[in-house]
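The values are calculated or read from the model by the stated rules, or taken from the named source; none is laboratory data. Because the structure is predicted, anything quoted here is derived from the model rather than measured. As a convention, Cβ positions derive from the backbone with ideal geometry for all residues, glycine included, and neighbour counts pool all protein chains shown.
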Amino acid sequence: MNTAAPHYILTVSCPARSGIVAAVTTYLADHACYISELSQFDDEFTGRFFMRAVFRFNAGVAGDFEALKQGFDDVGVPFDMDWQLHSSTQHTRVLLMVSKFDHCLADLLYRHHKGEMDMTITAIVSNHLDLRPMVEREGIRFIYLPVTKETKAAQEAELMRIVNDTQTDLVVLARYMQILSDDLCKQLSGRAINIHHSFLPGFKGAKPYHQAYARGVKLIGATAHYVTSDLDEGPIIEQEIQRVDHACLPDDLVAIGRDTETIALSKALKYHLQHRVFINVDKTVIFP
């Protein structure tokens, strides 16, 4: 989506009713905007309407994006819209959280370095020191917040202070092996993504891939989802699977699991960064 001229993304969620598309497209046309992409979905079960529009100002027009935003309430209020306008020049500010496993972090750093992720990494927080050298080689701020039962509340408060001080928009748990408290989940509602293997709730606890091997599983997968107080049950953004067979040993399953986790998390993050994801009660609407 990188172009020479800035482009903008409008996201809309509101009660479904007639006239929404006409109102939005007329407003943009009246302000000398050209719509290059338009996606919409009407959920008949929830009665919600979702829309994503990518647009730019017409050639030769000195468009005023801030004025465009300020005036959009004239459209949004009558339709009771939850709406946002985003500029391609303003990257999402992302804080990554890790523990000891490095595969998801390494993959995201590589993709970011290659320009695949339109984000600014504000910091990387960890409850262990194992990945500090990897992070600091990239010139990114590493913050060590060790967590014990006694310090958990204080460290979560410190984490939120960091999120606020760095103006972080999104928190990504890139294999962060700590359960977040209900209070922290509520504070990060809609702006925290987690990744986990697909065996839950069947194979809980230590060595899930070894448990899967013992049961002869035929599919290895991973799920990326928004964080909620219901552990690993938040609205799903992306899932990835690979087929395995009887010849795969536990270590093979672990390696395949790493691949599925990195793919699912990177796709989910990219969808979020491109403002393609809408939370729809307990699930998501994602425009490709």
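Note on the range 1-52: residues that are among the small types (G, A, S), within 17 Å of Q90 (Cβ to Cβ) and part of a strand (DSSP E or B) total 0. Selection within the range 83-113: residues that are assigned to a loop (DSSP other than H, G, I, E, B) and at pLDDT 95 or above. The member of this set that is farthest from S18 (Cα to Cα) is K100. Kindly indicate the residue of the range 47-73 that is loosely packed, with under 14 Cβ neighbours inside 10 Å and within 27 Å of the chain's Cα centre (by Cα) and also nearest to H7 (Cα to Cα) among those meeting that condition. Among them, the one singled out is E66. Only one entry of D74, D80 meets the criterion of being within 28 Å of S18 (Cβ to Cβ), assigned to a loop (DSSP other than H, G, I, E, B), touching a residue at least 40 places away in the same chain (Cβ under 8 Å) and not hydroxyl-bearing (S, T, Y), and that entry is D80.
In the range 236-258, the residues that are among the hydrophobic types (A, V, I, L, M, F, W, C) form Cβ pairs under 7 Å with partners that are outside any strand (DSSP E or B) and surrounded by fewer than 16 Cβ atoms within 10 Å (Cβ to Cβ), at six or more places apart or across chains, as follows: V244/K218. Over 28 Å from F57 (Cα atoms) and touching a helix residue (DSSP H, G or I) at 6+ places or on another chain (Cβ under 7 Å), is that true of D118? No; evaluated as a whole, the condition is false for this residue. Scanning the range 214-273 for residues that are among the hydroxyl-bearing types (S, T, Y) and outside any helix (DSSP H, G or I) yields T223, Y226, T228, S229.
Taking the range 255-284 as the range and being over 19 Å from L95 (Cα atoms) and within 10 Å of the chain's Cα centre (by Cα) as the test, only R276 passes.
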